[in-house]
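Peer 1: Dropping the structure in here first, questions after.
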Amino acid sequence: MIFNVLANTEVARSKDIAEALGVAKPSVTGALKALSDKKLVNYTPYGYVTLTEKGRKQAAVIAAKHSIIKSFFVDVLGIEQEIAETAACKVEHSLGPEIISKLSKFIEFVNTKDSASQTMAQKFSDFYNDSES
């Protein structure tokens with residue numbers, strides 16, 4: 001979340017991070033201390049938060065995973081954005097690079113149009129919606 005907050009500004013405050021996550025500020029403070037101990041963020045109490053180079057790299061990997069997982073939920077399975085966002089947040093830290101790589105290729109595959117200009121994702125959506133009726 002720090003990575004996302006910092007995408008819109010040069011520095012973040014624990015208050016900004018807490019609001020973005022929908023959690024209490026003390027929860028963020030504890031997490032920031034742990035991230036600081038791991039040299040992933042620059043943090044001092046009541047100060048601004050920035051990512052270290054190591055933290056920026058790790059956050060970029062997590063953000064890319066999140067994007068791929070959310071894309072799978074939304075673009076392939078047809079899950080609503082908000083539900084997909086929440087689920088992607090829960091899953092992104094659990095899946096390793098091999099699964100993410102294959103998931104990314106799968107998304108690309110199912111979004112490739114066939115000779116009838118339809119994607120596998122569209123066919124799945126039609127199939128799913130027909131079976132729900």
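A short reminder: the numbers here are calculations on the coordinates, not readings from a lab. The structure displayed is predicted, hence computed values, not measured ones. Cβ coordinates were reconstructed from backbone atoms using ideal geometry, including for glycine residues, and neighbour counts include every protein chain displayed.
Peer 1: Take the residue pairs Lys39/Lys70; Lys70/Lys105; Lys33/Lys54; Lys65/Lys90; Lys25/Lys65; Lys70/Lys90 and return only those whose Cα atoms are more than 20 Å apart.
Peer 2: Numbers: Lys39/Lys70 28 Å; Lys70/Lys105 14 Å; Lys33/Lys54 16 Å; Lys65/Lys90 11 Å; Lys25/Lys65 26 Å; Lys70/Lys90 11 Å.
Pairs exceeding the cut-off: Lys39/Lys70; Lys25/Lys65.
Peer 1: Could you list Tyr48, Tyr128 so that the one with the fewest beta carbons within 10 Å of its beta carbon is first and the one with the most is last?
Peer 2: Details: Tyr48 14, Tyr128 11.
Exposure proxy ranking, most exposed first: Tyr128, Tyr48.
Peer 1: If amide H atoms are built 1.01 Å from N in the plane of the peptide, which residues on other chains or at least 5 residues away come under 5 Å of the amide H of Arg13?
Peer 2: Residues meeting the amide H criterion: Val49.
Peer 1: What does the charge dipole of the chain about its Cα centre add up to, to the nearest 20 debye, if the Cβ of each Lys and Arg holds +1 and the Cβ of each Asp and Glu holds -1?
Peer 2: Details: 16 positive and 16 negative charges, 169 e Å.
Magnitude of the dipole: close to 820 debye.
Peer 1: Taking the Cα atoms only, what angle lies between the long axis of helix 25-37 and the longest principal axis of the chain, rounded to 10 degrees?
Peer 2: 80
Peer 1: Taking every Cα atom in the chain, find the radius of gyration and the maximum pairwise distance Dmax, and write them in Å.
Peer 2: 18.5, 59
Peer 1: How do Phe124, Phe72 line up, fewest other C-beta atoms within 10 Å first? Let's see the in-between values first.
Peer 2: Numbers: Phe124 14, Phe72 22.
Lowest to highest Cβ neighbour count: Phe124, Phe72.
Peer 1: Given the alpha-carbon gyration tensor of the range 59-132, what are the semi-axes of its equivalent ellipsoid in whole angstrom, ordered largest first, with each equal to the square root of 5 times an eigenvalue?
Peer 2: 24, 15, 9
Peer 1: Also: Which angle between 0 and 90 degrees, to the nearest 10, do you get for helix 53-71 versus the longest principal axis of the chain when only C-alpha atoms count?
Peer 2: The angle comes out at about 30 degrees.
Peer 1: Rounded to the nearest 500, what is the 222 nm mean residue ellipticity of the chain from helices alone, with -39500 (n - 2.57) per DSSP H run of 4+ residues and division by all residues?
Peer 2: Numbers: 7 runs with 83 residues, N = 133.
Here the helix-only value at 222 nm equals -19500 deg cm²/dmol.
Peer 1: Using the Karplus curve 6.51 cos²θ - 1.76 cosθ + 1.60 with θ = phi - 60°, work out ³J(HN,Hα) for each residue of the range 81-98 in order, rounded to whole Hz, and write x for Gly and Pro.
Peer 2: For the range 81-98, the Karplus-derived couplings read 3, 5, 5, 5, 4, 5, 5, 4, 4, 6, 8, 4, 7, 8, 8, x, x, 5 Hz, x marking Gly and Pro.
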